[in-house]
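Colleague: Below you will find the structure I want to go over with you.
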Amino acid sequence: MQSTDSPIFKSVAVVMFFIVNLFALYLLFRGHNMPGGGFIAGVATSVAVILLSFGMGLEAAQKILRSDPIRIATWGFLIATLSGVLPMFFGLPYLTTFNYKAYELPVIGDFYIGTPLSFDIGVYMVVVGVITKVIFVIAESTSQEHRLVRIAESGYCARSEEPIEEDPLRKSEEVPIHPDK
């Protein structure tokens, strides 16, 4: 995905990236008591990263994440699972909540630190990781660079599978259409 040549769109994309992420943090922190939470905050952050990739290019958006999106999703899954399993160590049912009222914020309201917040953070990380990975893979596969074929062959496909796309850089063996002629 190439960046646009419009300096106005680039500037708007960067500003909107920060505004949407501030809104995503608002949704994340108020989510376990009111509408919002990790899922919708993750979707908002993913949209912000996609908007940034439209304005600045795919490489810039990948640099913003600083890690492979699947790694972010994996850590999020571990955090969410641990926040649900943690009460079981104390003889309580799965996903029993532990809360501590930290303080009251003027816009958000009562701010609790506990297992619901850690669960929401884990879900947030899973959603951001999965959505951005899907978008990055689609963007790379539709570009003319064909990097996806080499990556997919090495990491995402079994050795017996054939790639869907043709790599123009790969030397293909010429197979005659009519071998008996």
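Colleague: Using amide H atoms built 1.01 Å from N in the peptide plane, name the residues 5+ places from Gly31, or on other chains, whose amide H lies under 5 Å from its own.
Modeller: Answer set, sorted by chain and number: Gly37.
Colleague: Tell me, how many Å apart are the Cα centres for the stretch 1-78 and for the stretch 84-99?
Modeller: Answer, in whole Å: 31.
Colleague: Okay, next question. Using amide H atoms built in the peptide plane, which far-off residues or other-chain residues are under 5 Å from Tyr112 H to H?
Modeller: Under 5 Å from the amide H of Tyr112: Ala102.
Colleague: Same structure again: Please give me the summed charge of the neighbours of Asn99: other residues whose Cβ is under 15 Å from its Cβ, Lys and Arg +1, Asp and Glu -1.
Modeller: With Lys, Arg at +1 and Asp, Glu at -1, the neighbours total -1.
Colleague: Show me 83-92, 60-69 ranked by packing, highest mean number of other Cβ atoms within 10 Å first.
Modeller: 60-69, 83-92
Here, each number is a calculation from the coordinates, and none is a lab measurement. All of these numbers come straight from a predicted model, not from anything done at the bench. So basically every Cβ, Gly included, is an ideal-geometry build from the backbone, and we count neighbours across all protein chains shown.
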